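Student: Dropping a structure here in structure tokens format, bear with me for questions.
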Amino acid sequence: MSTNLAVKILKSHLLEGELQQGHEIAIKVNQTLTQDSTGTMVYLQLEAMGIKELKTDLSVAYIDHNMLQAGFENADDHAFIQSVAAKYGIVFSKPGNGICHQLHLERFSKPGDVLIGSDSHTPTSGGMGMLAIGAGGLDVAVAMAKGNYYLKMPRIINIRLEGQRKPWTSAKDIILHILGKLTVKGGVNAILEYSGESVKQLSVPERATITNMGAELGATASLFPSDEITYDFLKRQGREEAYKPLSADENADYDETIIIHLDEVVPSAAMPHSPDKVATIAELGAIPVDQVNIGSCTNGSYADFMKVAGILKGKKVHPRVSLTLSPGSSNVLKMLAENGAMADLIGAGVRLLEAGCGPCIGMGQAPKSGAVSLRTFNRNFKGRCGTVDAEVFLVSPETAAASAIAGHLTDPRSLGEEMVIEEPEVYANDDGYWITNSPEPRTTIEMGPNIKPVPQGTPMKRELEAEVLLKAGDNITTDDIMPSNASLLPFRSNIPELSKQCFSTIIDDFSDRALRAGQGIVIGGNNYGQGSSREHAALVPLYLGVKAVIAKSFARIHQANLINAGILPLVFDREEDYGMVNEGDSLFIKNLSALDDKGFVTVVNNNTKENFKVIFQGSARDVAMLKVGGALNYAVKGERNDV
């Protein structure tokens, strides 16, 4: 049987289970990454496990999200993470060094290895033939402590790229085109493996743009082959020793194959408020623009910024437009400064931000009320930018730059002959922001007053009776469950403070409802919990007494985070039963002592006296974790308790 690339990597790292779709497997983890927004919780959990040493080849802690230091909170979190890094021998990336995914691609990603990261865009490294998976923070802590990661064997979907790219059509346009076809649910429980002769038209940074936004498709991972283009990139980065040629066998088997014709892809945008709401720039027309933000882990590469600099050279940003730039890494910023491109950008009237996530995660640069904001980012969920009534469009750097000059949405093909950027012979490789640690077990861990204990679940009871605190619709995001903006990000290590804003994009009194009820249940529609990997979207409901979530379907990472937290995720047996439940209903869930990885659980609605069935879609290991109150209890106790 001809083997695809994803299965080759999984097979070489398999520790437990069989590579059969839907079966739980455990794989060896080579590398982990964390960022500061999720990292504080990761390292609090790692400390709670009481381990002596890490089991990974490499673990890296990046500071890239919470960098506005309006108070002591963010700085305290950074000091905590740096002290844990020193204790365990974790590489530490200082604030200003850049975004974790861009930096990891430049410095550490290795074809054929497995990377687990506490950020949903960890699959960026799949652009280099690395199996890179976003996960909840506790899963990353366990991967560091035990060297393994559990997941259900996903489907492997082949996306075959054919045809010739059109001028001014970017990698961003390709992934937006795919999102328009497959939707935000199209990659759920799947690895997207790219192939075809047209793959060779894409550089490694362009491949990384596509794998980065695989997260918006709900994919477990996205993967490109490791070929001569990969080798060329690694050589220019001074890391050619990391190269390994990897590809699928000829005529490899896949669960599904989707053909994308590149000659059908044109400059496009994702309209508010979802990455899959895609239209071409020509279809949208000349929409007036107030703000343009260029950068992020999706489009923060050297080539991206050089194209922007070339478009802006000798021109001025439109008087109405605020244009910001946030490079993906400090080395990209250094190269732009050295080759004169930064002077061209500043001369055009850009606002330069430090190398980091910045406005992509709502950390500053909120647009004015009712503004239209073009962003080269990966998400445009309502309110994520910091302004609830803003209209955020996702576009390529080329479209963003052309629009910033014109003052309205502009097709870059109107600029004339396409701009071609040559890769530098050697990328900058300075290490001024890096701290490489050897393990120092006696290191004193710094704990600021804003850092609160991680909430822990309690063992599952035989039955659950609780009020429906909230009934939500389809595609509820982690931003809806636990909003993320500049005012809230400093409290990522303070669950009690965060809890006051739980579900605040939907209702303004969820916290009060939950505290009055003591314990409760949340009802959701399809794809509940889509978006980021932030486990705060599970830890905060846990803190507020949420015991179960019943939905039509769940996003992969969020379902895992709920189980890790000790919250029971259940799926309606029949989608129409969703209509039987309303806010304020009292639900009685029976037979939890019989919960397993195969059967149904009966729910009785005490208000209507109607019964309906729900399914638990997890493994025997998931059941064991829920029964002891979550993954942290399970990891510490190392045993399976019965209810």
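The values are calculated or read from the model by the stated rules, or taken from the named source; none is laboratory data. Note that the coordinates shown come from a computational prediction; the quantities given were computed from them, not determined experimentally. Heads up, the Cβs are rebuilt from the backbone with ideal geometry, glycines too, and the neighbour counts pull from every protein chain shown.
Student: Taking region 312-329 as the region of interest, how many residues are surrounded by fewer than 19 Cβ atoms within 10 Å (Cβ to Cβ) and without any contact (Cβ under 8 Å) to a residue 40 or more places away in the chain?
Tutor: 2
Student: Of these, 471, 500, which one is closer than 20 Å to residue 562 by Cβ and of a type in the set (Lys, Arg)?
Tutor: Result: 471 is the single residue among 471, 500 that is closer than 20 Å to residue 562 by Cβ and of a type in the set (Lys, Arg).
Student: Ok, one more. Within region 57-72, identify whether any single residue is outside any strand (DSSP E or B), within 24 Å of residue 191 (Cβ to Cβ) and at pLDDT 95 or above, and answer yes or no.
Tutor: yes
Student: Is it fair to say residue 465 is on the phi < 0 side of the Ramachandran plot, among the acidic types (Asp, Glu) and in contact with a helix residue (DSSP H, G or I) (Cβ under 8 Å, 6 or more places away or on another chain)?
Tutor: Here the answer is no, as residue 465 does not meet what is asked.
Student: Look at residue 92 and say whether it is modelled with pLDDT of 95 or more, among the hydrophobic types (A, V, I, L, M, F, W, C) and outside any helix (DSSP H, G or I).
Tutor: For residue 92, the condition - modelled with pLDDT of 95 or more, among the hydrophobic types (A, V, I, L, M, F, W, C) and outside any helix (DSSP H, G or I) - is met.
Student: In addition: Can you go through 626, 542, 570 and tell me which one is in a helix (DSSP H, G or I), under 24 Å from the mean Cα position of the chain (by Cα) and in the same structural domain as residue 515 (by TED's automatic domain parsing)?
Tutor: Going through 626, 542, 570 in turn, the sole match is 542.
Student: Suppose we keep only residues that are touching a strand residue (DSSP E or B) at 6+ places or on another chain (Cβ under 6 Å) and not in a strand (DSSP E or B) within region 23-38. Which one would you say is nearest to residue 255 (Cα to Cα)?
Tutor: Looking at the filtered set, the residue picked out is 29.
Student: Mind listing whichever residues of region 629-642 are out of contact with any Gly (no Cβ under 9 Å at 6 or more places or on another chain), modelled with pLDDT under 90 and either in a helix (DSSP H, G or I) or buried (at least 21 other Cβ atoms within 10 Å of the Cβ) (or both)?
Tutor: Matches in region 629-642: 635, 637.
Student: Next up: Would you call residue 39 on the phi > 0 side of the Ramachandran plot, in contact with a helix residue (DSSP H, G or I) (Cβ under 8 Å, 6 or more places away or on another chain) and of a type outside the set (Phe, Trp, Tyr)?
Tutor: Against the criterion (on the phi > 0 side of the Ramachandran plot, in contact with a helix residue (DSSP H, G or I) (Cβ under 8 Å, 6 or more places away or on another chain) and of a type outside the set (Phe, Trp, Tyr)), residue 39 does not qualify.
Student: If residue 283 satisfies every condition in (1) surrounded by 17 or more Cβ atoms within 10 Å (Cβ to Cβ); (2) without any contact (Cβ under 8 Å) to a residue 60 or more places away in the chain but one, which is the exception?
Tutor: Tallying (1) surrounded by 17 or more Cβ atoms within 10 Å (Cβ to Cβ); (2) without any contact (Cβ under 8 Å) to a residue 60 or more places away in the chain, residue 283 fails exactly one: (1).
Student: Further, regarding this structure: Please go through region 561-580 and pick out each residue that is crowded, with 24+ Cβ neighbours inside 10 Å and out of contact with any strand residue (DSSP E or B) (no Cβ under 8 Å at 6 or more places or on another chain).
Tutor: Of everything in region 561-580, those that are crowded, with 24+ Cβ neighbours inside 10 Å and out of contact with any strand residue (DSSP E or B) (no Cβ under 8 Å at 6 or more places or on another chain) turn out to be 561, 564, 565, 566.
Student: Using the structure shown, decide if residue 438 is among the hydroxyl-bearing types (Ser, Thr, Tyr), within 26 Å of residue 280 (Cβ to Cβ) and not assigned by TED's automatic domain parsing to the domain that holds residue 59.
Tutor: no
Student: Next question, about the same structure. Kindly indicate which of 492, 513 is farther than 30 Å from residue 303 by Cα, free of Cβ contacts under 8 Å to residues at least 60 places away in the same chain and in the same structural domain as residue 554 (by TED's automatic domain parsing).
Tutor: None of the other options fit; the residue is 513.
Student: Shifting gears a bit: Just the residues that are touching a strand residue (DSSP E or B) at 6+ places or on another chain (Cβ under 8 Å) and surrounded by 19 or more Cβ atoms within 10 Å (Cβ to Cβ), please, taken from region 438-465.
Tutor: Answer for region 438-465, where residues must be touching a strand residue (DSSP E or B) at 6+ places or on another chain (Cβ under 8 Å) and surrounded by 19 or more Cβ atoms within 10 Å (Cβ to Cβ): just 460.
Student: For residue 45, are the conditions met, namely being surrounded by 24 or more Cβ atoms within 10 Å (Cβ to Cβ), outside any strand (DSSP E or B), in contact with a strand residue (DSSP E or B) (Cβ under 6 Å, 6 or more places away or on another chain) and in the same structural domain as residue 139 (by TED's automatic domain parsing)?
Tutor: So residue 45 fails the test.
Student: If I filter region 597-628 down to residues being of a type in the set (Val, Ile, Thr) and in contact (Cβ under 8 Å) with a residue 24 or more places away in the chain, which single residue comes out as surrounded by the fewest Cβ atoms within 10 Å (Cβ to Cβ)?
Tutor: 608
Student: In this structure, is residue 223 in contact with an Asp or Glu (Cβ under 7 Å, 6 or more places away or on another chain) and crowded, with 19+ Cβ neighbours inside 10 Å?
Tutor: For residue 223, the condition - in contact with an Asp or Glu (Cβ under 7 Å, 6 or more places away or on another chain) and crowded, with 19+ Cβ neighbours inside 10 Å - is met.
Student: Here is a follow-up. Just give me the residues in region 377-423 being closer than 21 Å to residue 212 by Cα and of a type in the set (D, E, K, R), in sequence order.
Tutor: Within region 377-423, 379, 382, 384, 398, 423 meet the criteria.
Student: Restricted to region 1-33, and to residues that are under 23 Å from residue 621 (Cβ atoms) and of a type in the set (Val, Ile, Thr), which residue is surrounded by the most Cβ atoms within 10 Å (Cβ to Cβ)?
Tutor: The qualifying residue surrounded by the most Cβ atoms within 10 Å (Cβ to Cβ) is 32.
Student: To continue, here is another question. How many residues does region 60-81 hold that are closer than 18 Å to residue 444 by Cβ and surrounded by fewer than 21 Cβ atoms within 10 Å (Cβ to Cβ)?
Tutor: 3
Student: Return the residue satisfying two criteria in turn: it lies in region 399-437 and is hydroxyl-bearing (Ser, Thr, Tyr) and surrounded by fewer than 18 Cβ atoms within 10 Å (Cβ to Cβ), and of such residues it is farthest from residue 173 (Cα to Cα).
Tutor: That would be 436.
Student: Something else about it: If only one of 575, 535, 497 is out of contact with any Gly (no Cβ under 6 Å at 6 or more places or on another chain) and more than 22 Å from residue 600 (Cα to Cα), which one is it?
Tutor: Residue meeting the stated conditions: 497.
Student: Which residue is surrounded by the most Cβ atoms within 10 Å (Cβ to Cβ), if the candidates are limited to region 99-126 and must be aliphatic (A, V, I, L, M) and assigned to a helix (DSSP H, G or I)?
Tutor: 105
Student: Determine, yes or no, whether residue 506 is without any contact (Cβ under 8 Å) to a residue 40 or more places away in the chain and not charged (D, E, K, R).
Tutor: Taking the combined requirement at face value, the residue satisfies it.
Student: If a residue must be of a type in the set (Ser, Thr, Tyr) and modelled with pLDDT of 95 or more, how many such residues does region 1-56 contain?
Tutor: 6
Student: Just the residues that are on the phi > 0 side of the Ramachandran plot and part of a strand (DSSP E or B), please, taken from region 511-539.
Tutor: None - no residue of region 511-539 is on the phi > 0 side of the Ramachandran plot and part of a strand (DSSP E or B), so the list stays empty.
Student: Could you tell me whether residue 154 is at pLDDT 95 or above and over 25 Å from residue 253 (Cβ atoms)?
Tutor: No; evaluated as a whole, the condition is false for this residue.
Student: If you don't mind, there's one more thing I want to ask. Of the numbered conditions (1) of a type in the set (S, T, N, Q); (2) part of a loop (DSSP other than H, G, I, E, B); (3) at pLDDT 95 or above, residue 487 satisfies every one except a single condition; which is it?
Tutor: Condition not satisfied by residue 487: (3).
Student: When you go through 537, 594 one by one, which is the residue that is of a type in the set (Gly, Ala, Ser), buried (at least 16 other Cβ atoms within 10 Å of the Cβ) and closer than 24 Å to residue 633 by Cα?
Tutor: 537
Student: Also, quick follow-up: From the list 410, 399, which one is assigned to a helix (DSSP H, G or I), polar (S, T, N, Q) and modelled with pLDDT of 95 or more?
Tutor: Only one candidate qualifies: 399.
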